[in-house]
Structure formats: C-alpha cells, structure tokens
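Peer 1: Pasting a structure here, questions to come.
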Amino acid sequence: MEQQLLQKVKEYLDKKGFTINIEQLSYSGIRKNSPLFEGGGTKPMHIINFSIDAINGNPYSTNIYTVTIDVKTEKLEYILGNNIFEKI
C-alpha cells in the first residue's frame, strides 16, 4: 500500500511541475489527528514528505514539502511547503 500511495503522490507532483523520482519521496506513516484545512477538526492522514533542496544537493535544507492523504478514501488532501498551502 505504501508504494501505491507514493506513486499517487508522484503522479500529482508531475502534474504540478515538480521533477521528482519516487525514491525521493518519504512515507512518514499515519498522523491520527491531522488538522483539516477548512472547518476545523482532525482526521487520520497518511503523510508523504520530500525536500526539493535536498534533491538538488543541499542536505541542510529545512524546506520540506508534505502531501497528506485521507486514510479512509486514499484521496490526496493537501500539499504544504514553500509558499504552498492548498487543498488538492
């Protein structure tokens, strides 16, 4: 299942114009109380992280992007990172 989630995120990132290999994505597990973008509240989300700066050779970057995926539906929910905070 983890590999399928990574593939889904990679396909989305390709459409957004990110050039990234699936090996550069990191599955961080499930956050049980992930905050929702609108309306408040929380729900369980899979967390996928990546760092464009680290991919480009800067291992000291703190610019980490996160894509969240609803645990129940496996639909992409949000992308958060450098100048990005949007519902997918």
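Peer 1: Testing Leu36 on (1) among the aliphatic types (A, V, I, L, M); (2) at pLDDT below 90; (3) closer than 17 Å to Asn82 by Cα, one condition comes back false. Which one is that?
Peer 2: Result: Leu36 passes all but (3).
Peer 1: Among the residues of segment 1-42, write down those that are under 18 Å from Lys75 (Cβ atoms), touching a Pro at 6+ places or on another chain (Cβ under 9 Å) and either of a type in the set (Gly, Ala, Ser) or surrounded by fewer than 16 Cβ atoms within 10 Å (Cβ to Cβ) (or both).
Peer 2: Ile30, Lys32, Ser34, Gly41, Thr42
Peer 1: So Ile22 passes all but one of these: (1) out of contact with any Lys or Arg (no Cβ under 6 Å at 6 or more places or on another chain); (2) modelled with pLDDT of 85 or more. Which condition number does it fail?
Peer 2: (1)
Peer 1: How many of the residues making up segment 51-80 are at pLDDT 80 or above and more than 13 Å from Lys8 (Cβ to Cβ)?
Peer 2: Looking only at that region, the number is 8.
Peer 1: Sort out which residues of segment 11-47 are among the basic types (Lys, Arg) and in contact with a Phe, Trp or Tyr (Cβ under 9 Å, 6 or more places away or on another chain), and write them in order of number.
Peer 2: We begin by selecting, within segment 11-47, every residue among the basic types (Lys, Arg); these are 15-16, 31-32, 43.
Matches in segment 11-47: none.
Peer 1: Can you pull out the residues in segment 15-33 that are over 13 Å from the mean Cα position of the chain (by Cα) and more than 18 Å from Val71 (Cβ to Cβ)?
Peer 2: If the condition is that a residue be over 13 Å from the mean Cα position of the chain (by Cα) and more than 18 Å from Val71 (Cβ to Cβ), then Lys15, Gly17, Thr19, Asn21, Glu23 are the ones that fit.
The values are calculated or read from the model by the stated rules, or taken from the named source; none is laboratory data. Treat the numbers as computed from the prediction; the structure is a model and nothing was measured. Here Cβ is always computed from backbone atoms with ideal geometry, including for glycine, and neighbour counts include all displayed protein chains.
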